[in-house]
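For reference, the structure discussed in these notes is given below.
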Amino acid sequence: MTSRKRVAILGSTGSIGTQALDVIAHHPGEFTVVGLAAGRNVELLREQAARFDARIATTADDGPDGLLRVAVDSDPEILLAATDGSVAFEAVFAAVERGIDVAIANKELIVAAGAKLVALARSSGSRILPVDSEHSAIFQCLVGEEPSSVAAIVLTASGGPFWRASREEMERADVASALAHPTWRMGTKNTIDSATMMNKGLEVIEASRLFGLPGERIKIVVHPQSVAHGFVVFNDGSVKSQLAAPDMRLPIAYALSYPRRLPHNGQAGDVLRALGAKQGDVALRYDFESPDSERFPCVALAYEALAGGGTLPAVLSAANEVAVNAFVEGRIRFGRIPDVIEGAMRRARPQEDTLQGIRSADRLARRTAGEIVGAIEG
């Protein structure tokens, strides 16, 4: 009998963290939880730590040292990085430096510092395992394939709650409408990013970092059913896709158990359910459409940041976080989110492309974005 894999989680009380613990609970013989880090939800963290007998549990009050203790001192075999923003950068880098595998669900980390993280993993022997459903799909499609045979990769987008809305409707959309995602259950930040389609722009940058392809070879198609999560187009004209019902526990489980696959609630034998059918469906339909750059300008901003390189993706990510928070707080309209991001990018000054430079670019972009938000309010 194999020993249980030691798992530590940064962001255990968030959407990805709680779903990961659900996966672990359903497979008690596969995993043991050695460390948990949360933000401010202390009560839930206490419950999690007691239920899974975690040796180390920390909160935001413990600061960066708390994250580092969970990421490294808990002695995990795999670290699930499921925090938002840049708070866990040092902890994740420390884990990778020590050869610990990382299941990555932190968009901002890969966008801002992914190239450096992947290079460090290559030298330390750590494996970077994507958790986002789209990058997990690409990762699965590439297993056993020669990288030189890849012509392009295609990420699918649900389109979010405003895919059929007019630009005018989007301009005056409220927070409740933006959070009404038709398919996925995610945290507030990721759900708003889906509504602006910035999530897909960030994922393009992530895909470039994770799979070593330039932006022009990474495409997006809108697929409202959210069943086909990604495609790989090969140079012989063949196309591979990974399909599954929209359930984040599937890519989480794949990352935690890689290269093995774990059974998922006995549903694998129900072919239509596995292909995304709801109860009672007797037929399935999959739609694929081109993204609308006029109504979703954040996508073009992300491609621009990727092409610009250096610390510009870090600026994009930080400014987006500020803009989303301002919208959620009622300080700016939904339609002004891309204006804040573009303004911060235009005013950004080049920084040294080091982890310290990335941190500096992040801080300056947040300050600039905050000033732009203030000017909009005024």
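The values are calculated or read from the model by the stated rules, or taken from the named source; none is laboratory data. Bear in mind that the values here come from a model prediction, so they are computed numbers and not experimental data. In this analysis, Cβ positions are derived from the backbone assuming ideal geometry, glycine residues included, and neighbour counts consider all displayed protein chains. For accessibility, only protein heavy atoms count, side chains too; no ligands or nucleic acids. Shrake-Rupley method; radii C 1.70, N 1.55, O 1.52, S 1.80 Å.
Some points to look at:
- Paramagnetic reach from Asp292 in region 164-203 [backbone N under 11 Å; point 7 Å along Cα→Cβ]: 164-171
- Per-pair calculated FRET efficiency, R0 = 51 Å: Ala375 and His27 via Cβ, rounded to 0.05: 0.50
- Loop trypsin sites (Lys or Arg not before Pro), region 71-150 (other Cβ atoms within 10 Å of the site Cβ: 10 or fewer; DSSP): none
- Along the axis of the charge dipole computed for region 264-330 (Cβ charges of +1 for Lys and Arg, -1 for Asp and Glu, origin at the Cα centre), the listed residues Leu275, Gly310, Pro297 are led at the positive end by Leu275.
- Across the accessible surface of region 1-108, with the other protein chains kept in place and a 1.4 Å probe, carbon and sulfur atoms take up 46 percent.
- Among the trypsin sites (Lys or Arg not before Pro) in region 154-219, those located in a DSSP loop and surrounded by at most 16 other Cβ atoms within 10 Å of their own Cβ are Arg164, Arg172, Arg185.
- Expressed as a whole percent, the accessible area of region 268-378 that falls on carbon and sulfur atoms is 49 (1.4 Å probe).
- Once the 1.4 Å probe is applied to the protein heavy atoms, region 229-378 comes out at 51 Å² accessible per residue.
- Cβ-based net charge around Ser74, under 11 Å, with every Lys or Arg adding one and every Asp or Glu removing one: 0
- Computed per residue of the chain from DSSP H runs no shorter than four, each worth -39500 (n - 2.57), the mean residue ellipticity at 222 nm is -13500 deg cm²/dmol.
- Sites Ala274 and Arg249 - FRET efficiency at Förster radius 22 Å, r taken between beta-carbons, to 0.05: 0.95
- Total charge dipole magnitude, the chain, about the Cα centre, Cβ charges on Lys, Arg, Asp, Glu only, Debye to nearest 20: 260 debye
- Stretching Ala152 away from Ala300 to a fully extended chain increases their span by 51.5 nm, per 0.36 nm per residue minus the current alpha-carbon distance.
- Furthest towards positive pole of dipole, Ser126, Ser194, Ala105, structure part the chain, Cβ charges: Ser126
- Euclidean distance between Cα centres, region 22-44 to region 217-232, Å: 31 Å
- Remark: relative contact order (region 202-255) = 22 percent; criterion is Cα-Cα distance under 8 angstrom and separation of 6 or more residues.
- Sequence-distant contacts, meaning Cα pairs under 8 Å at least 6 residues apart, place the relative contact order of region 48-90 at 31 percent.
- For Ser290, neighbours were defined as the other residues whose beta-carbon sits under 15 Å from its Cβ, and their charges (Lys and Arg +1, Asp and Glu -1) total 0.
- Annotation: for a label point projected 7 angstrom from Cα along Cα→Cβ of Arg4, residues of region 73-91 with backbone N closer than 17 Å are 74-80.
- Summing charges over neighbours of Ala318, with a neighbour being any other residue whose Cβ is under 9 Å away from its Cβ, gives -1 when K and R count +1 and D and E count -1.
- Cα-centre dipole for region 72-211 with unit charges at Cβ (Lys and Arg positive, Asp and Glu negative), debye to 20: 240 debye
- For region 211-228, no residue has its backbone nitrogen under 14 Å from a point 7 Å from the Cα of Asp236, taken along Cα to Cβ.
- Heavy-atom accessible surface of region 116-191: percent carbon and sulfur, 1.4 Å: 50 percent
- Percent RCO, i.e. relative contact order, over region 51-162, from Cα pairs under 8 Å lying at least 6 residues apart: 19 percent
- Kyte-Doolittle mean at least 0.5 and Cα axial length at least 18 Å: DSSP H helices in the chain: 107-124, 312-328
- For Thr58, the residues whose amide H sits under 5 Å from its own are Leu36, Ala37, Ala38, ignoring neighbours fewer than 5 places away on the same chain, with H placed 1.01 Å from N.
- Net length gained if the chain between Asp339 and Val42 were fully extended (0.36 nm per residue, minus Cα distance): 103.3 nm
- Measuring gaps between exposed loop sites in the chain (GluC sites (Glu not before Pro); DSSP loop; at most 11 other Cβ atoms within 10 Å), the longest gap, sites not included, is 1-293.
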